[in-house]
Amino acid sequence: MPEDSHELMLYVQSKKAVSTFYRPPPPTSSLVPPTSSMGGDHPDSASGSTVFFLSDDQARCVALVEEGAAKRGYRCRVIDIEKVGRLERLVAEHLRGVQNFPVLISPKGPRLEGATQFTDENLASLMPTELKSVRAMTYLKVKGGDLDRIRSLLESLNEVKELHFLTGDWDILVVLDFPASDSNKRKVLDFVTDRIRGIPEVLDTSTVVPEYSITKFPL
């Protein structure tokens, strides 16, 4: 398990094939980086006759994880268990019993196993991250009238991202989102008082502007 709280371990299992197609030997200079990020010891590659390849479903998972990690401030270490050396095979002992690859292990323990588990929602859940925007929640009390009209007016505002219709003291919960670069608490409240309170059916509002937000939803 990685100690770094923002490093993920992604284990894949490539297939090995013998090819007669000529491949030049890999460079031996220490100044030349390896051509693959899924490194390890793979002595067969020096002969140029052995080819390692990932199935399309595993390659898709690698692309999804690397793209999601880059957006959410994580690093991803990809390890091909067919190419790693003896030491890394020992490190990978905790994969014993795994039936389906790829396997993604998060810094805090939860993991995904098998290509069907690699969805945007599941990946986001494993990589909680700070919101780059200002997210605010506004409770609305509205008077009776055309609810479809109120809903339509709220949905037409770009800053409104979610609407939740409630029972109790408040009628609607509105989730607002603003770019962090040009927003602060005052600007959020100005928007609420000018744009939302400007709707005739809105009787009262109460807004919460968090100081710091973390999300497990896809960005």
Between residue 212 and residue 141, what length comes free when the chain is fully extended (0.36 nm per residue of separation minus the Cα-Cα distance, one decimal in nm)? 22.9 nm
Counting other C-beta atoms within 10 Å, which of 101, 52, 165 has the fewest, and how do the rest follow? 165, 52, 101
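Counting other beta carbons within 10 Å of each Cβ, put 9, 137 in order, fewest first.
On the way: 9 20, 137 15.
By the 10 Å Cβ count, ascending, the order reads 137, 9.
Divide, for the range 130-215, the radius of gyration over alpha carbons by 2.2 N^0.38 Å, where N is the residue count. Could you put the intermediate results ahead of the total?
On the way: Rg = 12.7 Å, N = 86, 2.2 N^0.38 = 12.0 Å.
Working it through for the range 130-215, the quotient is 1.06.
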Be a star and scan the range 101-126 for residues whose amide nitrogen sits under 19 Å from the point 7 Å along the Cα-to-Cβ vector of residue 15. 101-103, 114-116
What distance in nm separates the two pseudo spin-label positions at residue 88 and residue 59, each 7 Å out from Cα along the beta-carbon direction? 2.0 nm
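Determine the alpha carbon to alpha carbon distance for each of 108/216; 83/108; 161/187; 141/216; 71/187 and list only those over 21 Å. Can you show the working numbers first?
Details: 108/216 14 Å; 83/108 26 Å; 161/187 17 Å; 141/216 29 Å; 71/187 26 Å.
Violating the 21 Å Cα-Cα cut-off are 83/108; 141/216; 71/187.
The numbers here are math on the coordinates, done by the rules we state, and not lab data. This structure is a prediction, so every number in the text was calculated from the model and none was measured. All Cβ positions, glycine included, derive from the backbone under ideal geometry; neighbour counts span all protein chains shown.
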